[in-house]
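Below you will find the structure I want to go over with you.
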Amino acid sequence: MRVKSGEIILALGFLGLMLTLYLAFLWAPSVNINAFESPEAQRIFYWHVPAAWAAFIAFAVLFVGSALWFFKRSPLGWKLHIAGSEAGLACGLMAVWSGCVWGAAEWGTPWDWEDWRLNSFGLLTLLALFLVLGRQSQPDGVESRDTFSTFGLYGFVLVPLTYVATRIWVIRHPGPVIGGDEDSSISGDMALVLLIGALSFTTLIIGHILTSIEITKFEQRMDRLQKKLDGE
Amino acid sequence: MAEPILELNNVTVRRGMGVVLRDFSLKVNAGECVLLHGENGVGKSTVIETAARLLPLESGFVKHNGMMICDGEGRRNNPAKPFGLTLQANCLVPSQTVQQQLDNVVALSDKSYNVKPIIESYKIGNRRNDKIAHLSGGQQRKVAVISGLIPGMVSQESRLILLDEPDSGLDDDSVEILVKQIHMLRNLGHGFVIASHNKRLKECATSLHDLSEATNQTPDFSEVWEVNSDDKNYSLLRTKIGWNLNFTTLVSVQRNWLAALLVMGGLLSIADPLTLSDRDVILMGFTLAPAFTMGLVGDPVFKILSEQRAIDWWRAQNNSVPNSYLESIISGFLITAIAMQIFIQSVDYRIILAGGGIVLSTSFVVRFLQMSTIRLPRSNAVFIRLLTPILILPWGIIVDYCAKL
């Protein structure tokens, strides 16, 4: 059996995630117990931040794919749109879920409907869910591809909005870790675990995107063969 | 030389993953009847829907009476003159009566016309005041066909009439009447494009077109349709703001009001407002929750127009599809005033205004999302409402603001 490069990268990413979990919960140093309501819950951060980071990469892929399909009618663009929305959904759900667990422990509530970053990121994840479920509900065709690509293009506006949300409308969510100000930077062992997590998630979604493109190619081939059988 | 009534110039149209029409051209002049025939899937309905500007063009353009109404760049202009349209789906509003449906079509032509004799000619005169939903499938088809013919029946000026499988579901007598009326209207100077396999309808055609080549013929029929209409300027305002549709169907009561009242009842069942008198934000949230719910249910007019693709008929005729924004804002004022009486035991016009604004803006966003997916083959199955929870954020901000008033 031929093993595809996408599957190897996917497996490497998965192993990286396992390593991240191990380091986050059993190796990384504890935070200052006076600085947080629930210090041990801070370990979720090593999962949450890389997941959100990977989700942003996936949404960028979704945007590029949507633009390629919408403006160029590129078949590769459509494959990237599918892969980006699926990876965005998976990573977005992981970031939202881990954020809710942390929020429940630290803030006493899993969600704050008035926090811009939570809501804009939640909307991005719902957009990815809409694209994945919506696409499955429709027969493949230019009408559905055009419509979903339009949503993919509009949705990307939320990515920079989500990133800057904690700088402009600081309500509850902590400030950015990557590219933030001096107070927000971390160092030492914590940064190492975070880096391993970010690399693992990035590897995982690259593997997912490659595998998804391959699967879409097979689906489209099946569709063509089906139409051939129908005599079209 | 007079402009053709319809001109499709080098249009390319995709449906699904295939190109159905590639560089297809067609001209229909006054007094011509082009009958499209050919195998299923050859593109007959696509030609009709393209001519009615319901499908986006990859290239080329469509003109009605010399005026460009849509092109490959995505531009869309309202047709200067109304045109007759009967699609494969009936495009009727099931909650309206036959008379109301046809009156709307007559009003779109800015004419006053007694449709009773036409309805009687199709032997559904006794069902004139019945709701369309109560008619049989064949009777509904008759109403759809009459709707398509009316712009020609009320006008001395040349009109375009597009009929997609008009004979489908009609009995033999009705097909005979239809054939006769098409002959008479064509002789008056109207132009037809008809998609059909019916042999009787083929006799009406001046040109038989299988989408690759056309064969001309001369129909043998001399009688001309006599127009008995008067000019009357209808603004259609009551229809466009959803007044007529809302009042005749009570759809907003059935959907938006019911949902809002249920939410109010639910909130009352979990908390006694008197025990929350010191918790301003929660009380304001309870007060504005019914208005928010009302908006989230969506535009009721959009719902009834989607039932039998009547929205496509409106989209073809006019860029502004009827909406119920006015009704939304009035309902928002009312439901917020009621909620204030129940939860706060006082009335503040600023909060009532906020309630109206919440219903209007929320239903506008929901409608915008729904309209964005209208082109999809299964637009009702597309999970578009997954995107609406974000509206909780602005609603929460308004609640906070109102609580401080």
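Among B:THR239, B:THR287, B:THR293, which is the only one that is crowded, with 16+ Cβ neighbours inside 10 Å, β-branched (Val, Ile, Thr), modelled with pLDDT of 90 or more and more than 25 Å from B:LEU386 (Cβ to Cβ)? Reasoning before the result, please.
Numbers: B:THR239 fails: modelled with pLDDT of 90 or more; B:THR293 fails: more than 25 Å from B:LEU386 (Cβ to Cβ).
Being crowded, with 16+ Cβ neighbours inside 10 Å, β-branched (Val, Ile, Thr), modelled with pLDDT of 90 or more and more than 25 Å from B:LEU386 (Cβ to Cβ) holds for just one of B:THR239, B:THR287, B:THR293, which is B:THR287.
If you don't mind, another one. Those residues that are of a type in the set (Ser, Thr, Tyr) and farther than 15 Å from B:LEU296 by Cβ, I need them from segment B:337-362; list them, please.
Scanning segment B:337-362 gives B:SER346, B:TYR349.
Could we say that B:GLN96 is surrounded by 15 or more Cβ atoms within 10 Å (Cβ to Cβ) and over 21 Å from B:ILE48 (Cβ atoms) here? Give the derivation first.
Values: surrounded by 15 or more Cβ atoms within 10 Å (Cβ to Cβ): yes; over 21 Å from B:ILE48 (Cβ atoms): yes.
So B:GLN96 fits the description; yes.
Let me ask another. If you take the residues of segment A:94-141 that are more than 14 Å from chain B (Cβ to nearest Cβ) and within 14 Å of the chain's Cα centre (by Cα), which of them is farthest from A:GLU219 (Cα to Cα)?
Taking the candidates together, the pick is A:GLY99.
Look through A:ALA51, A:ALA60 and report the one residue that is away from chain B (no Cβ under 14 Å) and surrounded by fewer than 17 Cβ atoms within 10 Å (Cβ to Cβ).
A:ALA60
What number of residues within segment A:142-153 are more than 9 Å from chain B (Cβ to nearest Cβ) and surrounded by fewer than 20 Cβ atoms within 10 Å (Cβ to Cβ)?
Residues flagged as more than 9 Å from chain B (Cβ to nearest Cβ) and surrounded by fewer than 20 Cβ atoms within 10 Å (Cβ to Cβ) within segment A:142-153 amount to 1.
As an exercise: evaluate B:GLU58 against (1) under 24 Å from B:SER306 (Cα atoms); (2) in contact with a strand residue (DSSP E or B) (Cβ under 8 Å, 6 or more places away or on another chain); (3) within 14 Å of another protein chain (Cβ to nearest Cβ) and give the number of the one condition it does not meet.
All conditions are met except number (1).
Listed here are the residues, each with its yes/no results for (1) polar (S, T, N, Q); (2) touching a Leu at 6+ places or on another chain (Cβ under 7 Å); (3) buried (at least 18 other Cβ atoms within 10 Å of the Cβ).
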residue: B:VAL154; (1), (2), (3): no, no, yes
residue: B:ASP164; (1), (2), (3): no, yes, yes
residue: B:LYS180; (1), (2), (3): no, no, no
residue: B:SER196; (1), (2), (3): yes, yes, yes
residue: B:LYS202; (1), (2), (3): no, yes, no
residue: B:THR206; (1), (2), (3): yes, no, yes
residue: B:ASP210; (1), (2), (3): no, no, no
residue: B:THR218; (1), (2), (3): yes, no, no
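Sticking with this structure for a sec: Tell me, which helices (runs of 4 or more DSSP H) wholly within segment B:172-262 include 1 or more residues that are farther than 30 Å from B:ARG367 by Cα?
Here the list reads B:172-188, B:199-202.
Here's something else I'd like to know. I'm told A:SER144 meets every condition in (1) of a type in the set (Ser, Thr, Tyr); (2) within 16 Å of the chain's Cα centre (by Cα); (3) at pLDDT 75 or above except one. Can you identify the failing condition by its number?
Failed condition: (2).
Follow-up. Out of all the residues in segment B:141-159, which are in a helix (DSSP H, G or I) and touching a residue at least 60 places away in the same chain (Cβ under 8 Å)?
B:SER147, B:GLY148, B:LEU149, B:ILE150, B:PRO151, B:GLY152, B:MET153
Does segment B:3-24 hold any residues that are outside any strand (DSSP E or B) and either at pLDDT 90 or above or within 14 Å of another protein chain (Cβ to nearest Cβ) (or both), and which are they?
Within segment B:3-24, B:PRO4, B:ILE5, B:GLY16, B:MET17 meet the criteria.
Next question, about the same structure. Scan segment A:28-43 residue by residue and report those that are surrounded by 11 or more Cβ atoms within 10 Å (Cβ to Cβ) and out of contact with any helix residue (DSSP H, G or I) (no Cβ under 7 Å at 6 or more places or on another chain).
Listed by number, the residues that qualify are A:PRO39, A:GLU40, A:GLN42.
Out of B:LEU376, B:LEU360, B:LEU326, B:LEU353, which single residue is within 14 Å of chain A (Cβ to nearest Cβ) and either surrounded by 19 or more Cβ atoms within 10 Å (Cβ to Cβ) or among the aliphatic types (A, V, I, L, M) (or both)?
Of the residues listed, the single one that is within 14 Å of chain A (Cβ to nearest Cβ) and either surrounded by 19 or more Cβ atoms within 10 Å (Cβ to Cβ) or among the aliphatic types (A, V, I, L, M) (or both) is B:LEU376.
The values are calculated or read from the model by the stated rules, or taken from the named source; none is laboratory data. Note that the coordinates shown come from a computational prediction; the quantities given were computed from them, not determined experimentally. Cβ sites come from the backbone with ideal geometry, for glycine too, and all protein chains shown count toward neighbours.
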